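First the structure, in the form of C-alpha cells, and then the observations on it.
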Amino acid sequence: MTEITIPASLLPADGRFGCGPSKVRPEAVAALAEAAPTYLGTSHRQAGVLFEVGALRNNISELFSLPDGYEVLLGNGGSTLFWDVATFGLIRDRSQHLVFGEFSSKFFSASKTAPHLGEPSKIETEPGTHPLSQAEDGVDVYAMTHNETSTGVMMPLTRPAGVADDALVVVDATSGAGGLRVDMSEVDVYYFAPQKCLASDGGLWIACCSPRAIARIEEIAASDRWRPATLDLGIALESSRKDQTYNTPSLATIFLANQQLRWALDNGGLEFAAGRSDASSSHLYGWADAHELATPFVKVEAERSRVVGTIDFAESVDAKRLAAVLRANGILDIEPYRKLGRNQLRVAMFPAVDPADVQALTACVDHVLAALA
Ligand SMILES: *Cc1c(COP(=O)(O)O)cnc(C)c1O
C-alpha cells in the first residue's frame, strides 16, 4: 500500500465528519476550560449546575420555538436508553413503528420484547427510503425517526390523520434535532442526545414533551405498572422541573450543549443552524450527482438527509480504502454504517461542521480517487 498524502492546501480546517460523537467546536471546549474551576467538579444539586441545566432547558425551548405547555425533560443514558424509558413510561399498550434502518428497528425491538406491552405494529421500507404512519386501532404511540442516521434518510414529521385524540407522536430526533427544521405542534415527544447536532458529548437524553405527552407520563406514573426508577418518566418529569436529573449527569456534556445552543441562537436560531446543513448537503449531493464514480444513495431528493449524507461509489472504487486513506490524512469517521454493507461513504453535515470543510472534503476525495486510479 503506497502512501497517499493529500496536499495541506486541500485539507479541511477540521477533519471531523463523524455522525456521533461528532465535531465539538473548539470555542465550546475553550469556554468549558475557562468555566471549569468553578463548574466542573461541583455539586449537581447546587446553584451553579442547576443554572446550567435550566439554561439547557430554556435554550432548547427557544431553539425549537416550543408551543405553550411543552416541557423539556432530561435524564442519563442517551437515546438508546430512552427507548426503554418509552416502553416503561410512554407506551400505554401498543406502538406503531416506522422501520427504515438500524435505529428505528431498535426501538421496535425494545417495544416488542417488553412483556407488559401489546404486540407493536411495524411499517417497514427498504433502507434508503422511508415509510409513513397510518392510523391504526389500538395504537397509542406512533414512533417515527426524523433522520435515520444509518442510511441518511430524513422524513417529514406530521401527525397522521385519523389517530385517537390522545395518541402520541414520538420522534427519535437524535441526529436531526438542531439541524433540521421541525414544527413541534405536530409532535408530542421529540427526543435526542447531544453528541450529534448539539455538538456536545453523549450520555444524556433530552425530550421535548407536549401537554398530551405530559398527561400520558402522569397517567402511567399513577398506575401500578412496575418500572425501574432510572427508567421512570414520572421521576424524570419531577427532577427536570427542578432543573435536575435523577442521578448525577455529565456536567461537561450539559455545558457543551449549551455552548452550541447559544451559538445557534445568537446567530439566528434553528433557521441559521439548518441553513448551515442545507449549504453543506447541497454541495455534497451536487458533487455526487455530477460525479462519474459517485451517486447519492437515497434516490428521492426530498428524502436525502441534510445532516447525514450517504454516497455510493462505483464498483471500480474501493470505498473502504478511500476512507482509510482519508483517515490517514486526518479526515475522520466517514466510513458507512457498518451493517448497511455498501460501497459507501457517510458524511455528517451537522451545523457545527463548516460548509467550507465539506467542500474541502469532496476536493480531497477527488484527489485520492485520482491517486488511486
Ligand atoms: C445515534 C442515534 C441513536 C443512539 O444514540 P445514543 O445516544 O448513542 O443512544 C439513536 N437514534 C438515532 C437516530 C441516532 O442517530
**Request:** Compute the signed sum of charges (Lys and Arg +1, Asp and Glu -1) over the other residues within less than 14 Å, Cβ to Cβ, of Asn258.
**Result:** -4
**Asked** If you take the charge dipole of the chain about its Cα centre, with +1 on Lys and Arg Cβ and -1 on Asp and Glu Cβ, which of Ala221, Pro351, Phe51 is farthest toward its positive end?
**Response** Phe51
**Asked** Where does the charge balance sit around Arg276 when Lys and Arg score +1, Asp and Glu -1, over other residues with C-beta under 13 Å from its C-beta?
**Response** 0
**Prompt:** Over the range 1-56, with a single point scatterer placed on each C-alpha, what log10 of the ratio I(q)/I(0) does the Debye formula yield at q = 0.21, 0.31 1/Å?
**Reply:** -0.95, -1.16
**Request:** Taking the Cβ of each residue in Val307, Val163 as the centre, tally the other Cβ atoms inside 10 Å and list the residues starting with the fewest.
**Result:** Val163, Val307
**Unit charges on C-beta of K, R, D, E only; dipole of the chain, Debye** = 660
**Overall form of the range 84-212 per C-alpha gyration tensor (a/c, 1.5; a/b vs b/c)** = rounded
**Prompt:** Per residue, what volume in Å³ does the Cα convex hull of the chain take up?
**Reply:** 139
**Complete:** Counting as exposed only GluC sites (Glu not before Pro) in DSSP loop states with no more than 12 other Cβ atoms inside 10 Å, the longest exposed-site-free span of the chain is 4-291
**Message:** If you consider only alpha-carbon coordinates, what radius of gyration and Dmax does the range 270-372 have, in Å?
**Reply:** 12.9, 40
**Asked** For the pair Glu124 and Arg262, how long in nm is the line joining their label points, each one 7 Å along Cα→Cβ?
**Response** 4.6
**Item:** For Trp205, net neighbour charge (Lys/Arg +1, Asp/Glu -1) across residues whose Cβ lies under 15 Å away
**Value:** -2
**Request:** Kindly put Ser105, Ser277 in sequence by how many other C-beta atoms sit within 10 Å of each C-beta, fewest to most.
**Result:** Ser105, Ser277
**Prompt:** Over the chain, what is the mean sequence separation of C-alpha contacts under 8 Å (at least six apart), divided by residue count, expressed as relative contact order in percent?
**Reply:** 24
**Check: the range 270-372 dipole with +1 on Lys, Arg Cβ and -1 on Asp, Glu Cβ, in debye** = 400
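Each value in this text was obtained by applying a stated rule to the coordinates, not by laboratory testing. Everything numeric here is computed off the predicted structure, so don't read it as measured data. Because the Cβ atoms are built from the backbone with ideal geometry, glycine has one as well, and the counts that use them run over all protein chains shown.
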